[in-house]
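Here the structure comes first, spelled out in structure tokens, and everything after it is commentary.
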Amino acid sequence: MKKIIYWLVGVMLALVVLIVGIFSYWYLGAANYHLTGVPVLNYHQVNDKYKTALTMTTADFEEQMKYLHDRGYHAITQKQFIQYMRGDGALPDKPVLITFDDGYVDNYECAYPIMKKYHMTGTIFLIMDLMEKPGYLTWNQVQSMSKNGMEFGSHTISHKPLPSFDENRMKYELTQSKQLMEQKLGKRVTCIAYPEGKYNDLVKTQTKAAGYSLAFTVNTGRDFPWDDPYELDRVPFFEGPMSFEHFEFRLIFSAFSALLWNTHAYLAHTEWCKPAAKYVPQP
Ligand SMILES: [Zn+2]
């Protein structure tokens, strides 16, 4: 009996040491991209007008940009990120790639001035069919931001999930959006964010064939050079109001957050263990 108790205590201690070790590694290594990868932050709307699931208030967004600035994070460019993914070129200390999906007009009106204030730049993924529509960016705004260091990527023509298309329409969504943006911006378009984060093997092959260097999903996690450049993770900041502590937690413990998000997604998509998904939190 005594032996079993010693054995159990031993196992418990080993587990505690392991868990403390892993969390210390994440915490101490959070700022070192060689150890924990590069976080690609994913926003949608930043405004004080709407309170949708995609909206972050300007005060919260400012607090987050100020935090990144004060803690010595550096917003990197698409080119720097592409080089990193290819395994060449060192990044500045504490790199982050800041991204916005859908091209909401508040990215220009609210997010962009705050980013400028804290010397941050980022990438906005545009939907061609929604450009110039109420609530979305105009080409003039895009061009003006482009001149001032903001970057852009494709979020396709229609924003319908790419796997829902036949091969021809898929090609059209990928190549036409790229061409149109290149015409309007006078710059090469190298990045895409898959609408709704949805992709499959054909989508990845066609995205590469269309000439994109990187493709972003809405899967949670940080990115390493050995990851698939057509299946890149991001750290989500678009599920409604979010406390500052939650932002900091998700930025620092992206890997832990990703582990739980991925476990949740796996369970939710696996028939026999679906009910278990609701017990896995998505911190
Ligand atoms: Zn979208």
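Going down the table (Lys117/Lys147; Lys178/Lys204; Lys147/Lys184; Lys66/Lys94; Lys116/Lys178), which pairs top 18 Å between alpha carbons? As for pairs spanning more than 18 Å Cα to Cα, those are Lys116/Lys178. In the chain, the DSSP-assigned H stretches of four residues or longer account for a calculated mean residue ellipticity at 222 nm of -13500 deg cm²/dmol, using -39500 (n - 2.57) per stretch and the full residue count as denominator. Solvent-free Debye calculation, one equal scatterer per alpha-carbon of the chain: log10 I(q)/I(0) at 0.08, 0.12, 0.14, 0.17 Å⁻¹ equals -0.36, -0.78, -1.04, -1.51. For Asp70, the shell of other residues with beta-carbons less than 13 Å away shows a net charge of +1, using +1 for Lys and Arg and -1 for Asp and Glu. Across the chain, C-alpha contacts under 8 Å between residues 6 or more apart give a mean separation that, scaled by the residue count, equals a relative contact order of 19 percent. Take the chain with all the other protein chains still there, run a 1.4 Å probe, and you get 51 Å² of accessible area per residue. Please report, ordered by residue number, every helix of the chain (full DSSP H runs) that is 24 Å or longer along its axis going by C-alpha atoms and whose mean Kyte-Doolittle hydropathy reaches -1.0. Membrane-span-like by this rule: 2-29.
Are any of the pairs Lys79/Lys187; Lys49/Lys187; Lys171/Lys198 more than 23 Å apart by Cα-Cα distance, and if so, which? Over 23 Å apart, Cα to Cα: Lys49/Lys187. Summing Lys and Arg as +1 and Asp and Glu as -1 over all other residues whose Cβ lies under 15 Å from the Cβ of Asn148 gives a net charge of +2. The accessible surface of region 58-110, taken with every protein chain in place and a 1.4 Å probe, is 45 percent carbon and sulfur.
Ranking Ser254, Ser24 by solvent-accessible area of protein heavy atoms (1.4 Å probe, all protein chains present), from largest to smallest, gives Ser24, Ser254. With a cut-off of 12 Å between beta carbons, the residues surrounding Gly211 carry a summed charge of +3, where Lys and Arg count +1 and Asp and Glu -1. Put the Cα centre of region 1-22 next to the Cα centre of region 109-125 and the gap is 48 Å.
The values are calculated or read from the model by the stated rules, or taken from the named source; none is laboratory data. Keep in mind it's a predicted model, so treat the numbers as computed, not measured. Note: ideal-geometry Cβ built from the backbone for every residue, glycine included; neighbour counts use all protein chains shown. For accessibility, only protein heavy atoms count, side chains too; no ligands or nucleic acids. Shrake-Rupley method; radii C 1.70, N 1.55, O 1.52, S 1.80 Å.
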